[in-house]
1. If I go through the stretch 23-50 residue by residue, how many of them are modelled with pLDDT under 70 and within 12 Å of the chain's Cα centre (by Cα)?
2. Can you confirm whether the stretch 51-74 contains a residue that is part of a helix (DSSP H, G or I), modelled with pLDDT under 80 and surrounded by 10 or more Cβ atoms within 10 Å (Cβ to Cβ)?
3. Considering only residues that are in contact with a helix residue (DSSP H, G or I) (Cβ under 7 Å, 6 or more places away or on another chain) and open to solvent by 90 Å² or more (accessible area, probe 1.4 Å), look in the stretch 30-49 and name the one that is nearest to Leu15 (Cα to Cα).
Amino acid sequence: MQKALKRGFALFLVLIYAHFSWAQCAMCRAAIESEGNKIKAEAVNDGIVYLMLIPYILVAVGGYLAYRLFRPKKA
């Protein structure tokens, strides 16, 4: 139980870090920032981060469900 809790906490930290990280490629960032609209650049960056997180969350939930399904039952 402790190991699963530690893994869950580590995953939570990774997801929080991904939320605050810069997700844009250099060319996208330069193109958006050159327009001078900082709010639009931040919005695009947030959109990229959210699009990146969805597949990871789905895989994590699917992996957890598969683990629970195929784990040997204790008596």
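The values are calculated or read from the model by the stated rules, or taken from the named source; none is laboratory data. A quick note: this is a predicted structure, and the numbers were derived from the prediction, not measured. Please note: Cβ atoms are built from the backbone with ideal geometry, for glycine as well, and neighbour counts cover all protein chains shown. Accessible surface areas use protein heavy atoms only, side chains included; no ligands, DNA or RNA. Shrake-Rupley method; radii C 1.70, N 1.55, O 1.52, S 1.80 Å.
1. Qualifying residue count for the region: 1.
2. The answer is no; no qualifying residue exists.
3. In this case the residue turns out to be Lys40.
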